[in-house]
1. Tally up the residues in region 62-75 that are open to solvent by 30 Å² or more (accessible area, probe 1.4 Å) and within 21 Å of Asn136 (Cβ to Cβ), please.
2. Consider Glu270 carefully, then state whether it is buried (at least 20 other Cβ atoms within 10 Å of the Cβ), in contact with a strand residue (DSSP E or B) (Cβ under 9 Å, 6 or more places away or on another chain) and among the acidic types (Asp, Glu).
3. Suppose we keep only residues that are in a loop (DSSP other than H, G, I, E, B) and without any contact (Cβ under 8 Å) to a residue 24 or more places away in the chain within region 91-107. Which one would you say is farthest from the chain's Cα centre (by Cα)?
4. Working carefully through the options Val299, Val250, find the one that is aliphatic (A, V, I, L, M), open to solvent by less than 40 Å² (accessible area, probe 1.4 Å) and away from ligand 1 (no atom under 16 Å from the Cβ).
5. I'd like the full set of residues that are within 16 Å of ligand 1 (Cβ to nearest atom) and either of a type in the set (Ser, Thr, Tyr) or closer than 13 Å to Ala84 by Cβ (or both), limited to region 1-19.
6. Which pairs have Cβ atoms under 7 Å, sit 6 or more apart or on different chains, and link a residue in region 47-73 that is in contact (Cβ under 8 Å) with a residue 24 or more places away in the chain and outside the structural domain of Leu29 (by TED's automatic domain parsing) to one that is of a type outside the set (Ser, Thr, Tyr) and assigned to a strand (DSSP E or B)?
7. State whether one or more residues within region 76-88 are among the hydroxyl-bearing types (Ser, Thr, Tyr) and open to solvent by 10 Å² or more (accessible area, probe 1.4 Å).
Amino acid sequence: MKDSITVTITGAAGQIGYALLFRIASGGLFGPDQPVHLNLVEIEPAMKALEGTVMELNDCAFPLLSGITATSDLDVGFQNSNWALLVGSVPRKAGMERKDLLGINGKIFTLQGEALAANAADDVRVLVVGNPCNTNCLITMNNAPGIPSERFFAMTRLDENRAKSQLAAKAGVHVSAISNLCIWGNHSATQYPDYTNALVDKNRVVDVIDDEEWLRGEFISTVQQRGAAIINARGASSAASAANAAIDTVRSLCNATPEGDWTSVAVCSEGQYGIDKGLIASMPVRCESDGVWSVVEGVDIDDFSKSKIEESVSELREEREAVSDLIPS
Ligand code: NAD
Ligand code: LMR
């Protein structure tokens, strides 16, 4: 048997947590021969609910679940963590934008960054899901001295999956036929789902879907507003699809990207595509089987795409400014 991988999940008693833990414990994240230890972190008022979730995890008798640590102590929760999935935070309500949560959620990530730096395993990688996830990731990264910036990610895979699903429906193909779909920028209403480089079975989307008006208009706005549409319909934000996207993200970052394709994840910019160095921005990323990743260089950016990316990056700059007090200089 391999050594266990320790996965920390914050907000483990929440909606996404409930949709995520059982899939991880059953091998859905690291495969059928990889044991996992779950470090489940919650705030004190939610510890009783978390106790119930732990009972259910135990009642599943998962062969790959080597242990569970349930705690409200961040030092315990991030102990030996190889992967930290930062979900715990308040979701928005109808009528709010995700950045309206910065005042409530931002400070959560200062303490978690510090606790990660003090307690996590040397190879820790961090995926921020809690909104606004790009800027919460920025806060975490800047409060975690000693952890290299390339280990921090914020989730835009749900947006990629949503965009692929919309394109597949329009083109009348299965969603697996869509590739090279990149979400650029912020996980927000300014994100840019780049259809100009996307492919349907190796053909350009723009050649298969002969409806530029739809692509520039309804397609982009549907993806940008999908989170709000789900909140309006469910009365609560996406949970199962968000958990699924978190699993997709980690799996993509641990395995080789299929030849010629890329995946969307927000990473710390080194200045690629004119995106300010240090911002956490979604870009096309390729990964090797050993977990080494890189931003794909040389993707065609036409004037329309350029203006859309700039709009989203500009919002990221504003968010960074709004949380400057949470970022040590
Ligand atoms: P939820 O309210 O059901 O659960 C959140 C959990 O976090 C609660 O159990 C709460 O007690 C816990 N929590 C709050 N503060 C915490 C802290 N400081 N430490 C640890 N735990 C804490 O919400 P949810 O539906 O699970 O959503 C969680 C977050 O994920 C929200 O911010 C939501 O907007 C975001 N989200 C992001 C994406 C994405 O694509 N990036 C998708 C869906 C949801
Ligand atoms: C989503 O995209 O579903 C999440 O970010 C939740 C939200 O606030 O929209």
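The values are calculated or read from the model by the stated rules, or taken from the named source; none is laboratory data. Keep in mind the model is a prediction, meaning the values are calculated, not measured. So basically every Cβ, Gly included, is an ideal-geometry build from the backbone, and we count neighbours across all protein chains shown. For the accessible areas, the whole protein counts, side chains as well, though only heavy atoms, and no ligand, DNA or RNA atoms are used. Shrake-Rupley method; radii C 1.70, N 1.55, O 1.52, S 1.80 Å.
1. Total satisfying the criteria: 4.
2. Against the criterion (buried (at least 20 other Cβ atoms within 10 Å of the Cβ), in contact with a strand residue (DSSP E or B) (Cβ under 9 Å, 6 or more places away or on another chain) and among the acidic types (Asp, Glu)), Glu270 does not qualify.
3. Here the residue is Gly95.
4. Values: Val250 fails: away from ligand 1 (no atom under 16 Å from the Cβ).
Exactly one residue qualifies, and that residue is Val299.
5. Residues satisfying the conditions are Val7, Thr8, Ile9, Thr10, Gly11, Ala12, Tyr18.
6. Matching pairs, first to second residue: none at all.
7. no
Results for (1) touching a helix residue (DSSP H, G or I) at 6+ places or on another chain (Cβ under 6 Å); (2) closer than 24 Å to Phe153 by Cα; (3) of a type in the set (Phe, Trp, Tyr), shown as yes or no for each residue.
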| residue | (1), (2), (3) |
| --- | --- |
| Asp207 | no, no, no |
| Asp211 | no, no, no |
| Trp214 | no, no, yes |
| Glu218 | no, no, no |
| Gln224 | no, yes, no |
| Gly227 | no, yes, no |
| Arg234 | no, no, no |
| Ser237 | yes, yes, no |
| Ala242 | yes, yes, no |
